[in-house]
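The values are calculated or read from the model by the stated rules, or taken from the named source; none is laboratory data. Fair warning: this is a prediction, and the values are worked out from it, not measured in the lab. Positions of Cβ are generated from backbone atoms using ideal geometry, with glycine treated the same way; all protein chains shown enter the neighbour counts.
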Amino acid sequence: MSSQSKLREVRLRSASPTSNERALGDLHAKMRACRQCLEAGFSVTPGAVFSGPASARLMIVGQAPGVTECETGRPFNGSSGERLFDWLAEAGWDEPAFRAAHYMTAITKCYPGKSPNGKGDRAPTRAEQKLCAPYLKQELALVEPRVIVPVGSLAVRRFLGKVRLTDVVGTVVEGSEGHLIVPLPHPSGVNLWLNRPENQERVTEALTHLQRLRQEVDL
Ligand code: SF4
């Protein structure tokens, strides 16, 4: 390679993170302004919730923000977030460092409101998931995380198809686009799945994988 082409290559490489940050910033502005679900008649509270830089090596994908997340504009900011960060602490991360370095988003980005039966939040419908899907696709393309952690069944199925949590939590799956996928259950206090000791062991195994990957792939 001539010295001129080498110089061009170095320039291209150093330009790319900045252009990705810029493109991600544009995407964030679009997501914040999005009202598609509201316009389609769904009872969401607009104001997309997500965080993290384009340089993130790990991406957490939840189901949808809750009311606390919606009010503060911070993903996993309520009681589910407390449990999630307790888990991540077991894998070696402290919350401020994790939030600064890694990307957090969801299948649908706006608060869907309370469930009609009063138990927790409403799960976003398929139609809402479809409306929001292009945003997640673009986030993945711009951030290019090495490791994806889908949290909860809905997010796990987005990456692994129709699987049972009991079959995949505690494993590391290589995704079709080369990502490593480490599924976790929903950390909500009302998630009965977590009450079973064998499922708690699955979560511990998943956290052990994350701790190992943290060293091996420099997360
Ligand atoms: S959930 Fe997604 S598609 Fe629906 S309004 Fe919010 S950002 Fe737009």
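Checking Arg32, Arg22 one by one, the residue that is part of a helix (DSSP H, G or I), of a type in the set (Lys, Arg) and either more than 16 Å from the ligand (Cβ to nearest atom) or surrounded by 19 or more Cβ atoms within 10 Å (Cβ to Cβ) (or both) is Arg22 and no other. Taken residue by residue, region 104-126 has no member that is in contact with a helix residue (DSSP H, G or I) (Cβ under 9 Å, 6 or more places away or on another chain), of a type in the set (Asp, Glu) and at pLDDT 95 or above. Contact map, region 53-69: first residue in contact (Cβ under 8 Å) with a residue 60 or more places away in the chain and within 16 Å of the ligand (Cβ to nearest atom), second residue among the hydrophobic types (A, V, I, L, M, F, W, C) and part of a loop (DSSP other than H, G, I, E, B), Cβ cut-off under 8 Å, separation 6 or more or different chains; pairs are Val61/Ile107; Gly62/Phe76; Gly62/Ile107; Gln63/Ile107; Gln63/Ala123; Ala64/Ile107; Ala64/Cys110; Ala64/Ala123.
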